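Contents: one structure, followed by commentary.
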Amino acid sequence: MLYSVGDFGWTHKHFQVADSITLSHVCQRWRAIALDFPYLWTSIRATHAKGTEELFRRADGLSIQLVVQGTIRGWLKDICAERGSSISELHWFSTPLESGVRDIIELPMDAPNVERLSLSRHAKDASRYRASRTVLQRATNNVRYLSLNNFDWLLANHFPAVTHVVLSGALEVHNLLNFLRNCPQLETLVMRDCSIYDPPPGPPTVQDHLPRLRRLSVHVGRFNTLAAGLRYVPYDRLNSTTEIIMDSRKVDPNMRFTGFHNMLGADAPMGLASSILQHPNYAAEPYARLFFKQSTADPTPRRCALALFSDRGGVAFRSLSPLDFDYVSLFGGPGELHAVTELWIDGVDKRIIQLYMIIHRDLPNLHTVNLVHPERAEAGPLGMFITNMRMSEMALTEAPRTVRLIFGSGRVGLDPGVDQGTRVVLGLVGALWPLGEKTSRLILRGTEFSPEYYSRLVPLMEQSWESVVTEVSDDAIPLPPQVQADVEFPPWEGW
């Protein structure tokens with residue numbers, strides 16, 4: 001009975017009213033039960049007066065999810081004048097196959113308790129819209145989630161309670177900044193297929209107009225623009241997470257970041273990371289942790305990530321395509337990663353090795369490499385990577401002083417019950433045979449270690465490493481809470 005009614009920027013399920021009606025027509029008993037269960041009638045498409053009014057009546061004052069398309073008719077205004085206070089979600093769509101100049105829909109209806117509001121432009125709507133206006137007669141004090149899809153204008157309403165906003169379209173910087181000033185409690189901003197144009201002259205502002213913003217996600221489509229105006233969004237970058245999402249992978253090493261346009265087919269131009277990190281916030285306190293997360297081969301693949309982060313926030317570049325050596329092109333020149341002291345890698349494979357071999361040369365202060373879930377990696381690439389880190393002449397730079405292996409749940413050891421991946425990893429770090437000259441310090445972190453691990457395996461590994469330290473902990477990567485997925489807001493997937 002539940003079906004999706006559109007992409008508003010968050011998960012929205014809508015009851016198929018026809019199914020509810022079918023239930024009520026099975027027999028008199030079922031009809032009585034259906035009519036006595038108001039929740040069945042709380043998802044309403046306002047298509048005609050009589051049916052809409054009847055569904056409002058059957059919902060009996062419960063929170064209503066209302067979907068409207070096109071012009072707000074007089075009969076809907078009359079219904080809302082009496083029952084509009086029960087509307088908690090309101091989703092409006094423009095009509096297709098129209099052209100010319102149109103007024104922006106004002107939604108002149110009584111719905112003062114709307115918490116989730118979305119306005120969406122139909123894919124076949126060819127109209128040009130006049131300047132921005134207010135909606136819902138300015139009664140938007142209770143809106144918490146707001147989505148404006150495929151428009152080139154922003155609302156002038158005040159949104160004192162809004163915490164999550166989704167935007168798409170071509171947005172002028174001054175209009176964007178004025179809109180954001182009307183959202184003082186904003187925590188998460190998602191900009192999907194957006195371009196920002198006409199940035200103000202001079203350096204970006206350092207003043208924080210959005211003190212509560214902790215997550216900014218920008219989706220960079222293949223033929224869309226990513227403007228330097230992103231640097232002018234006024235939020236506390238060091239205590240927030242900025243996320244750049246790319247459709248494919250694709251960093252183009254032949255296309256430099258020019259500030260405004262990215263129209264040549266690649267997802268991101270060379271030096272994109274550099275342009276973002278030039279903001280005064282980052283220059284004052286550069287990030288010391290670098291994070292590689294390789295994409296998975298699961299039926300539902302997760303995005304890979306290259307990120308810089310601290311205990312308070314970070315900057316991530318994410319794509320469904322695997323990390324590769326060309327991601328180095330995100331950085332424009334030498335010296336930009338000199339502040340990095342820790343490298344975290346989730347998913348070692350041949351591509352990660354290539355990326356590490358190139359980027360390691362620009363990490364002169366790197367002292368710790370952390371391998372997350374090494375038991376899931378293929379033995380060949382993992383063994384090659386560990387050998388590379390131990391032998392500085394292969395890495396062409398000084399080897400990291402510490403290598404940490406962070407195992408997932410499960411016992412670490414060689415006794416029965418330990419998974420094969422863990423056994424392979426222990427062999428690669430000298431638990432079965434010496435690896436040669438002692439280099440670096442080895443740390444193994446896991447939730448549980450077998451008695452044999454302490455009595456037999458640690459002494460063997462100490463023959464290959466300067467020291468071996470065991471950490472018992474449930475923690476994997478110490479990512480700040482700002483990067484974790486938001487269960488109630490799927491557009492923010494987390495790293």
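What to note about this one:
- Scan of the stretch 337-383 for residues that are in contact with a helix residue (DSSP H, G or I) (Cβ under 6 Å, 6 or more places away or on another chain) and closer than 21 Å to Tyr282 by Cβ, ordered by number: Leu337, Ile359
- Val425 being outside any helix (DSSP H, G or I) and open to solvent by less than 20 Å² (accessible area, probe 1.4 Å): no
- Residues of the stretch 146-173 that are surrounded by fewer than 23 Cβ atoms within 10 Å (Cβ to Cβ), part of a loop (DSSP other than H, G, I, E, B) and of a type in the set (Val, Ile, Thr): Thr163 alone.
- Gly408 vs. criteria assigned to a loop (DSSP other than H, G, I, E, B), surrounded by fewer than 18 Cβ atoms within 10 Å (Cβ to Cβ) and within 32 Å of the chain's Cα centre (by Cα): yes
- Scan of the stretch 149-176 for residues that are over 14 Å from Ser195 (Cα atoms) and either touching an Asp or Glu at 6+ places or on another chain (Cβ under 9 Å) or not small (Gly, Ala, Ser) (or both), ordered by number: Leu155, Asn157, His158, Phe159, Pro160, Ala161, Val162, Thr163, His164, Val165
- Answer residue from the stretch 457-475, given it is of a type in the set (D, E, K, R) and either in contact (Cβ under 8 Å) with a residue 40 or more places away in the chain or closer than 21 Å to His373 by Cα (or both) and is least open to solvent (accessible area, probe 1.4 Å) among those: Glu471
- When residues in the stretch 131-145 are screened for being outside any loop (DSSP other than H, G, I, E, B) and of a type in the set (S, T, N, Q), 1 of them pass.
- Taking the numbered list (1) open to solvent by 20 Å² or more (accessible area, probe 1.4 Å); (2) in contact with a Leu (Cβ under 8 Å, 6 or more places away or on another chain) in turn, Lys50 passes all entries but (2).
- Single residue of the stretch 476-487 satisfying the filter (in contact (Cβ under 8 Å) with a residue 60 or more places away in the chain and in a loop (DSSP other than H, G, I, E, B)) that is surrounded by the most Cβ atoms within 10 Å (Cβ to Cβ): Leu479
- Counting the residues of the stretch 430-456 that are of a type in the set (A, V, I, L, M) and open to solvent by 30 Å² or more (accessible area, probe 1.4 Å) gives 2.
- Residue match in the stretch 64-75 (condition: more than 20 Å from Leu117 (Cα to Cα), modelled with pLDDT of 85 or more and surrounded by fewer than 21 Cβ atoms within 10 Å (Cβ to Cβ)): yes
- Top-ranked residue in the stretch 365-391 [being at pLDDT below 90 and in contact with a Ser or Thr (Cβ under 8 Å, 6 or more places away or on another chain); ranked as most open to solvent (accessible area, probe 1.4 Å)]: Met391
- Filtered residues of the stretch 309-346 (kept if open to solvent by less than 10 Å² (accessible area, probe 1.4 Å) and part of a strand (DSSP E or B)): Phe309, Gly314, Val315, Ala316, Phe317, Arg318, Ser319, Leu343, Trp344, Ile345
The values are calculated or read from the model by the stated rules, or taken from the named source; none is laboratory data. Given the structure is predicted, the values throughout are model-derived calculations rather than measurements. We place every Cβ from the backbone using ideal geometry, glycine too, and count neighbours over all the protein chains shown. Each accessible area value is taken on the protein alone, full model and side chains, heavy atoms only, with ligands, DNA and RNA left out. Shrake-Rupley method; radii C 1.70, N 1.55, O 1.52, S 1.80 Å.
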